[in-house]
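Peer 1: Below: one structure in structure tokens.
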Amino acid sequence: MGKVVSFEEEVNKRKKQKRRRIGSLAWIGWVCLMLIALVLGYGFAQSSIFNIRSIEINGINRLSREEVLALSGFEMGEHIYEANLNKAQTMIKTNFWVEQVSVERKLPSTLSINIKERVPVAAIVMPDALYIVDFSGTLLLKQKLLDGLAVIPISGVSNIEADIKLGTVIENENVAAALSVIRQMDERSAALISELDVSNQQNIVAHLSYGVDCYLGDKSNFAQKFTVAMEILQSERQKGLLESVNYVDVSLPEQPVLAYLNMEPPSGGDLWPSS
């Protein structure tokens, strides 16, 4: 005999079948909606609204806009998502004036290139020319005159090849010592120093703009040493004796030494008699 199914069981069975059909239809509907959204999204992404209409270039001084654009490989009208940002950054960085570069998309149609150029900070005095470098020692320029560059001349350097190419990092201990000192300077101290002599790394000499030499010792603690030197020289200026000073030695800032031109200061009392 067959199984007897109650009316209630039959109703429940049909409800379950109906729910399955509705669930299947809903799932198919969601799939269709997703496919439609993907197609519409892809079409929108390929729309000409995302063609490059503007390229911003920020931070350039030495480089021209045309040079940067040529290196980037970007073209106006190119689709913004087809522009290879990593390749552009790599190519722009091949110019030795570029220290850092980043490229970003600004939707819908702008690319932004942000560049940090190298800054000349020192001029190495060589027989054939002045070698202009940044803090990393990268050779940026070779020229006979400073031509208004706000850099500090470095003397006492040798063993640099005359045919060294621009963009090369100069590997030289004396240059590295001088750049370390310059890195510790503020605007005030940099403005007072006309030249750094690093022929002896343990006795670096800062030639001051008003004709006094400042013996710094090694490259360490420049700010402390220079502050002591300025306090001493300011005192001499107030006494009217600055023009008589030959040098001030602050290699040991706790025990500074002051030397005079052509004369020895009297023992005891002031270092030099006031008028």
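The values are calculated or read from the model by the stated rules, or taken from the named source; none is laboratory data. For clarity, every value in this text was computed on a predicted model and none was experimentally measured. Methodologically, a virtual Cβ is constructed for each residue, glycine included, from the backbone with ideal geometry; neighbour enumeration extends over all protein chains shown. Ligands, DNA and RNA are excluded from the accessible area calculation, which covers all protein heavy atoms including side chains. Shrake-Rupley method; radii C 1.70, N 1.55, O 1.52, S 1.80 Å.
Residue-wise test of (1) under 28 Å from the mean Cα position of the chain (by Cα); (2) under 24 Å from Q234 (Cβ atoms); (3) open to solvent by 60 Å² or more (accessible area, probe 1.4 Å).
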position: R183; (1), (2), (3): yes, no, yes
position: R188; (1), (2), (3): yes, yes, yes
position: Q202; (1), (2), (3): no, no, yes
position: S209; (1), (2), (3): no, yes, yes
position: V212; (1), (2), (3): no, yes, no
position: N221; (1), (2), (3): yes, yes, yes
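Peer 1: Can you tell me which residue in region 74-110 is least open to solvent (accessible area, probe 1.4 Å), limited to those that are in contact with a helix residue (DSSP H, G or I) (Cβ under 6 Å, 6 or more places away or on another chain) and in a loop (DSSP other than H, G, I, E, B)?
Peer 2: I80
Peer 1: Report the residue count in region 119-147 for those that are without any contact (Cβ under 8 Å) to a residue 24 or more places away in the chain and either polar (S, T, N, Q) or buried (at least 16 other Cβ atoms within 10 Å of the Cβ) (or both).
Peer 2: Number satisfying all stated conditions: 3.
Peer 1: Report, ordered by the first and then the second residue, all pairs with beta carbons closer than 6 Å, sequence separation of six or more or different chains, a first member in region 151-175 that is in contact (Cβ under 8 Å) with a residue 60 or more places away in the chain and closer than 16 Å to L130 by Cβ, and a second member that is open to solvent by less than 30 Å² (accessible area, probe 1.4 Å) and among the charged types (D, E, K, R).
Peer 2: Pairs found: none.
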